[in-house]
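A short write-up of the structure that comes next.
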Amino acid sequence: MVARKSALKAFLLSLTAVLLLEACTVDLMGFFASDDMDSRFFERNTFRFLTEADRSLALPEEYAFLVFSDTHIEGRDAFGFENLASVIDPDVKFVVITGDVTQSGLREEVARFIEITQTVGVPCYPMLGNHDVYFGNWSVWKELIGSSCYRIDTPESSTTLFILDSANASFGNTQLEWLEKELKTANSHVFVFTHTNLFVEGMGDLQQLTDVRERARIMSLLEGHCDALFTGHVHKRIIKNFGGVEYITIEDHRSKKTYAKVRVNKAGFQYEFKEL
């Protein structure tokens, strides 16, 4: 019996270690301190960080944008993200960060993100990841950034961006109903961004939506209405194509310095991966 208990204890410790390694350097207590996603959704369209001009871009027919994920800014340490301005060439019109902008959602970490992105000369669109709402820090994000779910329209380039909240590994019925309605009035180019990955490539990839039915539902909504969905969270690159939609999961910036550069024109879009 003692041997069996020791073996079970060893197994649980090993499992915990794997979870911690796989889960964005998770602080497990943060899960229990995070808040409800539906309550965040009802506070959409509240903007502190993004200006009115940021929310209605005037873009040329051909342009580029950058996508980062999992910067995990910790204290003042941005792990090289402070060099963002060095990769903003004239074609790049905006930047998107698909969640886990910070390590713990602390005020100084969110402030550091704002400090960096306000120097690059183009709008930067952030979204919540699970780390950003740790310890109940949605209140900090709401105060300094604003909404966790929003839509950006760029009429002259016929592009619409949707920023979705999946920080709790779920979209929720209300948010998906909103997306279904909004897609009906979206422009010809549609790009969707959220934190939690929809797909895994092996049993070692533990992180995805908690309800696979949501994955089926959002894929159904996007088919025929979306060019690409960008996610992060799992800290590795996963690329799938279903129903003509490209599903692109990007490695974390913190350890791999990876980002995607996306070029858009009348014919469609192309992307490549680079390092900052």
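The values are calculated or read from the model by the stated rules, or taken from the named source; none is laboratory data. Note that the structure is predicted; figures quoted are calculated from it, not measured. Using ideal geometry, Cβ is built from the backbone for each residue, glycine included, and neighbour counts are taken over all protein chains shown.
Summary of computed values
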quantity	calculated
Failed item in (1) at positive phi; (2) touching a strand residue (DSSP E or B) at 6+ places or on another chain (Cβ under 8 Å), with Arg237 passing the rest	(1)
Odd one out for Val200, checked against (1) free of Cβ contacts under 8 Å to residues at least 40 places away in the same chain; (2) under 19 Å from the mean Cα position of the chain (by Cα); (3) part of a helix (DSSP H, G or I)	(3)
Residue in the stretch 242-258 that is in a loop (DSSP other than H, G, I, E, B) and either over 29 Å from Thr102 (Cα atoms) or at pLDDT below 95 (or both) present	yes
First in the stretch 40-60 and outside any loop (DSSP other than H, G, I, E, B), second anywhere and among the small types (Gly, Ala, Ser), Cβ under 6 Å, 6 or more apart	Arg40/Ser148; Phe47/Gly146
Every residue from the stretch 132-191 that is outside any helix (DSSP H, G or I), among the acidic types (Asp, Glu) and farther than 21 Å from Glu62 by Cβ	Asp165
Residue that is modelled with the highest pLDDT [pool: residues in the stretch 220-240 that are of a type in the set (A, V, I, L, M), in contact with a Ser or Thr (Cβ under 8 Å, 6 or more places away or on another chain) and buried (at least 20 other Cβ atoms within 10 Å of the Cβ)]	Leu229
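Residue by residue, here is whether (1) touching a Pro at 6+ places or on another chain (Cβ under 9 Å); (2) crowded, with 21+ Cβ neighbours inside 10 Å; (3) not charged (D, E, K, R) holds:
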| site | (1), (2), (3) |
| --- | --- |
| Phe199 | no, no, yes |
| Gly204 | no, no, yes |
| Ile218 | no, yes, yes |
| His253 | no, yes, yes |
| Lys261 | no, no, no |
| Lys266 | no, no, no |
